[in-house]
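To start, the structure under review is shown below, and the notes come after it.
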Amino acid sequence: MMENRIVGTMTIREAAALWSDPRRQHLKRWAETFGVPLQDLHPGHVVTFQKDRGEETTSAQVDTEVAALLTLLKQISLGGEIERRNRPLSETGELTPAEIRALPEPAQRYIERLKQEISDLESANDRMESRIRRTNWGRSR
């Protein structure tokens, strides 16, 4: 079987050329983006890929491409840490920038307003937690 020749020292491009699985078509962008050996891939590569690829396409497409890579890695006994830490974009519920740009302008503005409100609330929460810590620190003495 051809997969037996795929080894961790190969790049994604080299491995995809040998992989007989039809999902290899989903490795094209990976191969263009990362030229590192398969064994050197780590969860940070996936996060970077998700962010960059999300600028161009849907979360479903990004998840499909990540799943293809994970399948390849699993077949050669690699990628365990990546699989454990992977959070598919579709599970987070967030839209990719490409999906947001495809929405009508009023929906885009509404999403931006909600994001700003969330950011403001997180900042207020951080300030409140800091005040509580300072207050409690003074009481513990």
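The values are calculated or read from the model by the stated rules, or taken from the named source; none is laboratory data. Keep in mind it's a predicted model, so treat the numbers as computed, not measured. No Cβ is skipped: glycine too gets one built from the backbone with ideal geometry, and neighbour counts run over all protein chains shown. The area values use the complete protein model at the heavy-atom level, side chains included, leaving out ligands, DNA and RNA. Shrake-Rupley method; radii C 1.70, N 1.55, O 1.52, S 1.80 Å.
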Listed residues Q25, L72, L114: farthest to the positive end of the dipole of the chain (Cβ charges): L114
Alpha-carbon Debye profile of the stretch 1-84, log10 I(q)/I(0) at 0.19 Å⁻¹: -0.76
Highest average packing first - 126-133, 24-31, Cβ atoms within 10 Å: 24-31, 126-133
The chain, relative contact order in percent, only Cα pairs under 8 angstrom and at least six apart counted: 21
Share of Cα-Cα pairs in the chain lying beyond 23 Å, as whole percent: 50
Summed side-chain charge close to S119 - residues other than S119 whose Cβ falls under 12 Å, Lys, Arg +1, Asp, Glu -1: -3
FRET E, pair A17, E81, Förster distance 22 Å, beta-carbon r, rounded to 0.05: 0.30
Student exercise, the chain dipole from Lys, Arg, Asp, Glu Cβ charges, in Debye to nearest 20: 640
Size of charge dipole - the stretch 1-66 - debye, nearest 20, with Cβ of Lys, Arg +1 and Asp, Glu -1, no other charges: 140
Portion, in percent, of the accessible area of the chain that falls on carbon or sulfur, probe 1.4 Å: 51
Kyte-Doolittle mean at least 0.5, axial Cα span of 20 Å or more - DSSP H helices of the chain: 59-75
For the stretch 48-141: accessible area per residue (Å², 1.4 Å): 71
Charge context of G93, other residues only, Cβ under 12 angstrom, K/R +1, D/E -1: -2
Pairwise FRET efficiency - I132 versus K51, Cβ, R0 = 30 Å, nearest 0.05: 0.35
Rounded to whole Hz, the Karplus (6.51, -1.76, 1.60) HN-Hα couplings of the stretch 23-35, x for glycine and proline: 5, 4, 4, 7, 9, 4, 5, 4, 4, 6, 8, 10, x
Rh (Kirkwood; distinct C-alpha pairs) - the stretch 97-141, Å: 12.9
